[in-house]
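*Asks:* Once you've had a glance at the structure underneath, I'll fire off some questions.
The values are calculated or read from the model by the stated rules, or taken from the named source; none is laboratory data. Treat the numbers as computed from the prediction; the structure is a model and nothing was measured. Cβ coordinates were reconstructed from backbone atoms using ideal geometry, including for glycine residues, and neighbour counts include every protein chain displayed.
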């Protein structure tokens with residue numbers, strides 16, 4: 001599968017999650033590079049060190065993304081960020097500016113590639129109001145479809161929705177949160193506290209679909225054992241095991257099971273994963289399998 005793609009490749013319809021064979025058909029002149037995790041982590045460390053050298057609070061969100069809480073002129077700081085990252089790594093970066101993390105995150109999308117874009121409460125609806133609801137960070141295709149069924153198609157529609165009505169239709173927490181999201185409101189602070197993962201998981205995408213479910217069981221057992229080794233290194237207890245199955249071509253289902261008691265026992269994790277697999281009624285060809293172990297809180 002494609003992990004990520006350059007903007008030049010994206011113009012040909014290549015994107016993350018696309019099978020490599022499909023990518024090669026869409027862009028025959030593409031250059032395919034193998035994943036190099038060690039290199040990515042090394043360069044990511046250089047980028048984050050460059051950001052921290054600015055003296056700002058830096059919340060790392062992944063290899064290539066971070067939030068900064070800054071004082072002073074944000075455009076001037078954005079230019080300084082780009083210069084320091086370029087000097088440290090030779091890489092270009094995009095900077096989104098906002099009055100909160102939500103606005104900054106979405107602004108980054110408008111600044112790509114390698115630009116600076118500012119989004120505020122005053123410009124929120126001018127920029128986003130007429131866009132579909134899934135243009136917002138945190139709303140996926142399934143939620144957007146549910147909203148459309150309620151007559152809510154755009155960000156502006158969602159911002160004007162009745163939070164109580166959405167609470168009844170979607171959920172007491174999610175419904176009102178979606179309205180706040182559409183209004184550009186976000187009170188989560190930028191924090192430099194170390195990230196603590198809530199789960200560990202492994203996935204495998206198969207070059208040829210698995211037709212035999214005995215093979216599926218063996219692969220799930222193998223993934224569960226790999227996850228068990230990962231969590232042993234963390235030294236934390238596992239409370240829940242989740243299995244993901246993507247049928248050919250792209251229909252994805254997940255099922256999970258909460259354990260009777262938290263554990264780090266590899267045999268119990270494997271057994272739980274196989275029990276969860278039995279909850280899948282379909283026995284169609286399988287394109288992808290995943291096992292995730294969620295830590296006890």
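*Asks:* Is it fair to say residue 191 is in contact with a strand residue (DSSP E or B) (Cβ under 6 Å, 6 or more places away or on another chain), in contact (Cβ under 8 Å) with a residue 24 or more places away in the chain and closer than 30 Å to residue 278 by Cα?
*Replies:* On the way: in contact with a strand residue (DSSP E or B) (Cβ under 6 Å, 6 or more places away or on another chain): yes; in contact (Cβ under 8 Å) with a residue 24 or more places away in the chain: yes; closer than 30 Å to residue 278 by Cα: no.
For residue 191, the condition - in contact with a strand residue (DSSP E or B) (Cβ under 6 Å, 6 or more places away or on another chain), in contact (Cβ under 8 Å) with a residue 24 or more places away in the chain and closer than 30 Å to residue 278 by Cα - is not met.
*Asks:* I would also like to ask the following. Of 114, 133, 107, which residue is in contact (Cβ under 8 Å) with a residue 40 or more places away in the chain and either in contact with a helix residue (DSSP H, G or I) (Cβ under 9 Å, 6 or more places away or on another chain) or assigned by TED's automatic domain parsing to the domain that holds residue 253 (or both)?
*Replies:* Exactly one of 114, 133, 107 is in contact (Cβ under 8 Å) with a residue 40 or more places away in the chain and either in contact with a helix residue (DSSP H, G or I) (Cβ under 9 Å, 6 or more places away or on another chain) or assigned by TED's automatic domain parsing to the domain that holds residue 253 (or both), namely 133.
*Asks:* Looking at (1) over 30 Å from residue 136 (Cα atoms); (2) surrounded by fewer than 17 Cβ atoms within 10 Å (Cβ to Cβ); (3) free of Cβ contacts under 8 Å to residues at least 60 places away in the same chain, which is the only condition residue 211 fails?
*Replies:* The number of the failed condition is (3).
*Asks:* On to the next question. Name, by its number, the condition in (1) within 22 Å of residue 110 (Cβ to Cβ); (2) in a loop (DSSP other than H, G, I, E, B) that does not hold for residue 51.
*Replies:* Answer for residue 51: the failing condition is (2).
*Asks:* Next question. Quickly run through the stretch 240-250 and pick out the residues that are modelled with pLDDT under 95 and crowded, with 17+ Cβ neighbours inside 10 Å.
*Replies:* 246, 247, listed by residue number.
Here's the yes/no breakdown for (1) exposed (fewer than 10 other Cβ atoms within 10 Å of the Cβ); (2) over 15 Å from residue 205 (Cβ atoms); (3) assigned by TED's automatic domain parsing to the domain that holds residue 249; (4) modelled with pLDDT under 95:
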site	(1), (2), (3), (4)
9	no, yes, no, no
13	no, yes, no, no
37	yes, yes, no, yes
40	no, yes, no, yes
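*Asks:* Additional query: If a residue has to be crowded, with 16+ Cβ neighbours inside 10 Å and within 12 Å of residue 254 (Cβ to Cβ) to count, how many in the stretch 274-293 make the cut?
*Replies:* Residues that pass the stated criteria total 8.
*Asks:* On to the next question. Kindly evaluate residue 172 against the criterion of being over 29 Å from residue 92 (Cβ atoms) and touching a helix residue (DSSP H, G or I) at 6+ places or on another chain (Cβ under 6 Å).
*Replies:* Details: over 29 Å from residue 92 (Cβ atoms): yes; touching a helix residue (DSSP H, G or I) at 6+ places or on another chain (Cβ under 6 Å): no.
So residue 172 does not fit the description; no.
*Asks:* Could you run through the stretch 41-57 and say how many residues are under 22 Å from the mean Cα position of the chain (by Cα) and free of Cβ contacts under 8 Å to residues at least 24 places away in the same chain?
*Replies:* 5
*Asks:* How many residues does the stretch 132-148 contain that are surrounded by fewer than 16 Cβ atoms within 10 Å (Cβ to Cβ) and closer than 13 Å to residue 183 by Cα?
*Replies:* The qualifying residues number 1.
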